[in-house]
Structure formats: C-alpha cells, structure tokens
Amino acid sequence: MSETGPSMAMLTAMTDLWRLRPPGPDNILAHPAFVRLRETCRDGYPNAGKKGPAFALSIALRALGFPCHLRKDTAHLALPVEEAAKGLDAALRATRTRHIHLAPLAFGPARVCRLTATKGCALHK
C-alpha cells in the first residue's frame, strides 16, 4: 500500500482484469488476475481481512466500471484502469461511509431525509 495511491501490484492486477473482454470469465473470483488483486488487497490494506475481499471486491470492480461486465451499449461507462485503481484504493483506505437512501423505498411520495436509529426519517434541511 502506497501512501499516495494504489500500489504497482494493484495497478498490474487491475490492468490484467481490465483487458478481459465481455462477457468475462464464468467465475471472476477464480480468475488469476482477480486472485492477485485479492491478495494485493489482503497484503496491503489492514482492513481487507485475512483472505482478502472476494465477493465485495467483485462488486466494487463493477461499481468502478469493470469493462468485461458492461454490455456493448454501456461500454463507454468503463473507467480507465488508473482511475478505477484510485477509487478502489480510496475505498480500501476509508474508515467511514455515507449511505444515501430514497425514502420511502416503496411507491408514493418521496422526500430527502436523514435516517436515524431513534427517530426514523427526519427531514433533511
């Protein structure tokens, strides 16, 4: 883990993953480049767990625009590998998260609010 961004090992593993063509392997979790990235995360980030992230890492890659999981009509949404690596590095370093929800999560009027454990949905000002 570098203090200023993703390590060279992370960039190399992600570059190999970014080269995969749609639809990608049947089991991305077993692909050698994914395994290398998982191990890089495990070794470089103390909060990544003893084995490194697996399913969560695959979801993160999708959120970062993993090219082989995009349809042909959405291929333009793929992030450049360097930008995706920076995003993954930032996510692995994060100590806090912020969740934004549309409430209610059913049909009907929607409003912006702040959810709390004690008050439910308090209007956000």
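None of the figures in this text is laboratory data; all of them are computed from the coordinates on show. All values derive from a computational prediction rather than experimental measurement. When we count neighbours, we look across all protein chains shown, and the Cβ atoms used for this are built from the backbone with ideal geometry, even at glycine.
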| field | Approximate spin-label separation N47-A91, in nm, with each point projected 7 Å along Cα-to-Cβ | value | 1.3 nm
| note | Cross-link reach from K50 to aspartates and glutamates, straight Cα distance under 18 Å and at least 8 residues apart if same chain, gives E39, D89
| Viscosity 0.692 mPa s, 37 °C: Kirkwood-radius Stokes-Einstein D of the range 8-93 over Cα pairs, µm²/s | 257 µm²/s
| What list of ³J(HN,Hα) couplings, whole Hz, do you get for the range 41-49 from phi and the Karplus terms 6.51, -1.76, 1.60, once you set θ to phi - 60° and write x for glycine and proline? | 5, 4, 7, x, 10, x, 8, 7, x
| request: At 0.36 nm per residue, minus the direct Cα-Cα distance, what do R19 and F55 gain on full extension? Give it in nm, one decimal, please. | output: 11.0 nm
| said: Give the aspartates and glutamates whose C-alpha is closer than 16 Å to that of K72, dropping any in the same chain fewer than 8 places away, or say none. | reply: none
| message | Quick check: residue separation of E39 and T116 times 0.36 nm, minus the Cα distance between them. What number comes out in nm? | response | 24.1 nm
